[in-house]
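Chemist: Pasting in a structure now, in structure tokens, and then I'll have a few things to ask.
The values are calculated or read from the model by the stated rules, or taken from the named source; none is laboratory data. Only a predicted model underlies this, so the values are computations on that prediction, with no experimental measurement involved. Cβ sites come from the backbone with ideal geometry, for glycine too, and all protein chains shown count toward neighbours.
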Amino acid sequence: MSAARISAVMVSYRTGPVLFDSIRAVLSDPDIAELILVNHDNPTNVTVRLDTLDSAEPRLRVIHTGANLGFARGCNIGARAASGDLLLFLNPDTLIGRGTAALLASTVDALDVPAIVGARILNPDGSEQRGARRGELTLLSAALSFSGLARLLPGVRDFHRENEPLPAGPVEMPSVSGAAMMMSRASYRRLNGFDERYFLHVEDLDICKRTWRVGGKVGFEPRASLVHVGSTSCVNLVFVEWNKAAGLRRYFRTHAGTPARALLWLAGPLLTFALLSRAVVIRSGQRAVQARQRLRARARLAQRRRGTGQ
């Protein structure tokens, strides 16, 4: 393992109970020297519990911002407070195992500055999660991927690469997920950190793109894996998708060529509508599942009552 100290950085806004599982997982790894947790206005009971942990655990430092300042800004706040030579950015609903941070460290140490290395991110059932390894984001790749056409048209490579064969070792990748990415402090400084104009989503794609543009490397380390629980936050899904659409528009305005930026005037509203519609569909599906669960619970309760003669 690299002799450099590893600092983990998490940003939490109403993450839910899995936050404390995530904290325990980080603190169970002796290779991680410290965890900087940026608390973006979690509920009072969560904040009190975080303060209690902070007082009892010398490797944990909690920073209260008092408001939801956005993910990119939260990462920058955490990175500035960290003391390690290596920065491991983790979502607050990830469950990292021992050895993962050390693997990422050894891989990023082998690359010249600036460099970013992303982990293999798994669903709770062990399958690889969408978005851990990704291609280059363009208007065309976004349209083909979000519409599902990339999976239907022969010869078209999907922007998301989780269905491709898993490499045996680290490989270059156009972009990786900010849910679990590592970079050295020198790389972070060279890149000027995360772009705080991205409030939620796409900031990881942006920093990967900027790494390539200054001659750096982005890698995917398939041997370093962790579980990303996902969908634990109580944040409104429409709010999430709205910010994702805003982030994508900003990304294309920043990184796309002149023809693509011109096309964005037409595609931008369509992209926003598509993502908001997706949020409504997902939320409707969630409500339908919840309704079915309530009906089954009531049926079981009624059956038990009939069995006991109540």
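Chemist: Name the residues in the stretch 184-212 that are part of a helix (DSSP H, G or I), in contact (Cβ under 8 Å) with a residue 40 or more places away in the chain and under 15 Å from A256 (Cα atoms), would you?
Modeler: Selection gives L205, D206, I207, C208, K209.
Chemist: Looking only at residues in the stretch 213-233 that are part of a loop (DSSP other than H, G, I, E, B) and under 16 Å from the mean Cα position of the chain (by Cα), which one is modelled with the lowest pLDDT?
Modeler: The residue in question is T232.
Chemist: Moving on to the next point. Looking only at the stretch 55-89, how many residues end up being surrounded by 17 or more Cβ atoms within 10 Å (Cβ to Cβ) and acidic (D, E)?
Modeler: Summing the residues that are surrounded by 17 or more Cβ atoms within 10 Å (Cβ to Cβ) and acidic (D, E) in the stretch 55-89 gives 1.
Chemist: Provide a single number: the residues in the stretch 138-163 that are assigned to a loop (DSSP other than H, G, I, E, B) and either touching a His at 6+ places or on another chain (Cβ under 8 Å) or surrounded by fewer than 19 Cβ atoms within 10 Å (Cβ to Cβ) (or both). Can you show your working first?
Modeler: Going through the stretch 138-163, the residues assigned to a loop (DSSP other than H, G, I, E, B) turn out to be 138, 148, 152-159, 161-163.
Next, only the ones that are either touching a His at 6+ places or on another chain (Cβ under 8 Å) or surrounded by fewer than 19 Cβ atoms within 10 Å (Cβ to Cβ) (or both) stay: 138, 148, 152-157, 162-163.
Going through the stretch 138-163 one residue at a time, the tally reaches 10.
Chemist: Next question, about the same structure. Name the residue, out of T52, T15, T47, T65, that is of a type in the set (S, T, N, Q), out of contact with any Phe, Trp or Tyr (no Cβ under 9 Å at 6 or more places or on another chain) and touching a residue at least 40 places away in the same chain (Cβ under 8 Å).
Modeler: T15
Chemist: Could you pull out the residue among S184, S141 that is of a type in the set (S, T, Y) and either touching an Asp or Glu at 6+ places or on another chain (Cβ under 7 Å) or outside the structural domain of I207 (by TED's automatic domain parsing) (or both)?
Modeler: Unique residue meeting the criteria: S184.
Chemist: Whether any residue in the stretch 109-132 is at positive phi and either surrounded by 15 or more Cβ atoms within 10 Å (Cβ to Cβ) or touching a Phe, Trp or Tyr at 6+ places or on another chain (Cβ under 7 Å) (or both) is what I want to check.
Modeler: yes
Chemist: Considering only residues that are farther than 17 Å from A142 by Cα and among the β-branched types (V, I, T), which ones fall in the stretch 152-177?
Modeler: V171
Chemist: Going residue by residue through the stretch 56-66, is there one that turns out to be among the acidic types (D, E) and either farther than 22 Å from D31 by Cα or part of a loop (DSSP other than H, G, I, E, B) (or both)? Spell out how you get there, then give the answer.
Modeler: Within the stretch 56-66, the subset among the acidic types (D, E) is 57.
Next, from what is left, pick out any that are either farther than 22 Å from D31 by Cα or part of a loop (DSSP other than H, G, I, E, B) (or both): 57.
Yes, the stretch 56-66 contains a residue that is among the acidic types (D, E) and either farther than 22 Å from D31 by Cα or part of a loop (DSSP other than H, G, I, E, B) (or both).
Chemist: Another question about this same structure. List every residue pair whose Cβ atoms lie under 7 Å apart, where the two residues are 6 or more positions apart in sequence or sit on different chains, the first residue falls within the stretch 94-120 and is outside the structural domain of V218 (by TED's automatic domain parsing) and under 25 Å from F20 (Cβ atoms), and the second residue, located anywhere, is surrounded by fewer than 20 Cβ atoms within 10 Å (Cβ to Cβ) and hydrophobic (A, V, I, L, M, F, W, C).
Modeler: none
Chemist: Please work out which residue is surrounded by the most Cβ atoms within 10 Å (Cβ to Cβ), limiting yourself to the stretch 93-108 and to residues that are in a loop (DSSP other than H, G, I, E, B) and of a type outside the set (K, R).
Modeler: D93
Chemist: On to the next question. How about the stretch 25-41: which of its residues are farther than 18 Å from G230 by Cβ and assigned to a helix (DSSP H, G or I)?
Modeler: L27 - this is the single residue of the stretch 25-41 that is farther than 18 Å from G230 by Cβ and assigned to a helix (DSSP H, G or I).
Chemist: Being assigned to a loop (DSSP other than H, G, I, E, B), touching a residue at least 12 places away in the same chain (Cβ under 8 Å) and more than 15 Å from the chain's Cα centre (by Cα): is that true of G78 here?
Modeler: no
Chemist: Which one of the conditions (1) closer than 17 Å to V11 by Cα; (2) assigned to a strand (DSSP E or B) does D51 fail to meet, given that it meets all the rest?
Modeler: (2)
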